[in-house]
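Student: Please find one structure pasted underneath; my questions will follow.
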Amino acid sequence: MNHFFNRSYKKLEQLIPQLGKLFITIAVTLITIALITYFNVIYPTTLNTPLSFLISIYLTINTTTHYYWATTINPGSPSTHQPKLTQHHQLKRYCKKCINPTIKPERAHHCRHCGRCQLKYDHHKKQLTNTLTQGINQCVGLRNERFFLLFLFYMSISCAWIVYWGWPCFTKTLDFTTPWPFWSPRIFMILTWILALAIGVAITIMFACQLWLVAKGETTVESSDNGTYTCLSLSTLYIHLLKILYYLAEYYRILFSQRGQKYVNPYDLGVRKNLQEFFNIGPLPGRWPWYSILIPLKIPPVSDGWTWNKRPAHPDARELSFAEELTDEED
């Protein structure tokens, strides 16, 4: 029986790339319903001040803009951008699954759903049970990871805003003996508040997990210990993930300590510099100011996907070699 369900799930999973537009439509529809309900019911009932209106517009613009960029900006592929190779690229790795084999740089991985390698591959939004973030309908990688994380951030705040200020309206909605004075249907208010609560909790935990990995200089696939990426979605049980993520991140250190060696993550520059690298902010020339995170700006990544800023080598430590990687290069 278990084998039957596993086969059925895999067949359903294969349909996900073909249903991408449907998931995007569902996600956009839910966001639209929430916006209509908020400005027609919640705002005039419990807020209705100039400051709250500005905050509402600010959250709306940031949430929708970053969602649009996360869904439309290509994460980047080695096949579409290959700079002239230097001595840094003496070890040439080729993907065995791409139709036209190309050199695979560091941190790139093959996505079986997209059918090609992605630069700084993090994960692919594929899970059946996560409709809203499934609306991303592509990989999260080098060129769109910033917008994806900021979408999670502003979506979390927006959901908390709706849940808090929408509670009085939600309780009144459940009283079907009183007339409903708004043109937005009563069911819209019920749906909006319940979804804001459920999705808000899930996305907040997802954001916390993603931000924690960014602070450690890791991607989701790099934090995995079993050769496959772990998609942060509802079906992976966020609470369980929070409990085991520390162990996954420390796996290589435990492995190397058993050999009398010390493992270092070459991409971990420290929390502050890791965040600066990810968001392309900081005092270095060409970087953006920290407050650019608060503004919907289409800021490119620091790296081109082929070269990376790394921590200085430690005499008693060594990096993980290609042969020792637990994350399968063909994932």
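The values are calculated or read from the model by the stated rules, or taken from the named source; none is laboratory data. Quick caveat: nothing in here was measured; it's all calculated off a predicted structure. Backbone-built Cβ (ideal geometry, glycine too); neighbour counts: all protein chains shown.
Student: Looking at ILE299, is it assigned to a loop (DSSP other than H, G, I, E, B), at pLDDT 90 or above and touching a Phe, Trp or Tyr at 6+ places or on another chain (Cβ under 7 Å)?
Tutor: Yes.
Student: One residue is enough: does region 60-67 have a residue meeting the conditions in a helix (DSSP H, G or I), modelled with pLDDT of 90 or more and surrounded by fewer than 16 Cβ atoms within 10 Å (Cβ to Cβ)?
Tutor: Among the residues of region 60-67, at least one is in a helix (DSSP H, G or I), modelled with pLDDT of 90 or more and surrounded by fewer than 16 Cβ atoms within 10 Å (Cβ to Cβ), which makes the answer yes.
Student: Is there a residue being surrounded by fewer than 18 Cβ atoms within 10 Å (Cβ to Cβ) and either in a loop (DSSP other than H, G, I, E, B) or modelled with pLDDT under 90 (or both) anywhere in region 190-207?
Tutor: no
Student: Right, another one. Go through region 159-189 and count every residue that is assigned to a helix (DSSP H, G or I), under 24 Å from THR49 (Cα atoms) and of a type in the set (A, V, I, L, M, F, W, C).
Tutor: The total comes to 11.
Student: To continue, here is another question. Can you say whether ARG112 is at negative phi, basic (Lys, Arg), modelled with pLDDT of 75 or more and touching a helix residue (DSSP H, G or I) at 6+ places or on another chain (Cβ under 8 Å), as far as the supplied structure shows?
Tutor: No, not satisfied.
Student: (1) surrounded by 13 or more Cβ atoms within 10 Å (Cβ to Cβ); (2) assigned to a helix (DSSP H, G or I); (3) modelled with pLDDT of 85 or more: which one isn't true of TYR252, the others all being true?
Tutor: If we test TYR252 against (1) surrounded by 13 or more Cβ atoms within 10 Å (Cβ to Cβ); (2) assigned to a helix (DSSP H, G or I); (3) modelled with pLDDT of 85 or more, just (3) comes out false.
Student: Here's another thing I want to ask about it. Residue check: is PHE182 over 18 Å from the mean Cα position of the chain (by Cα) and either basic (Lys, Arg) or at pLDDT below 90 (or both)?
Tutor: Here the answer is no, as PHE182 does not meet what is asked.
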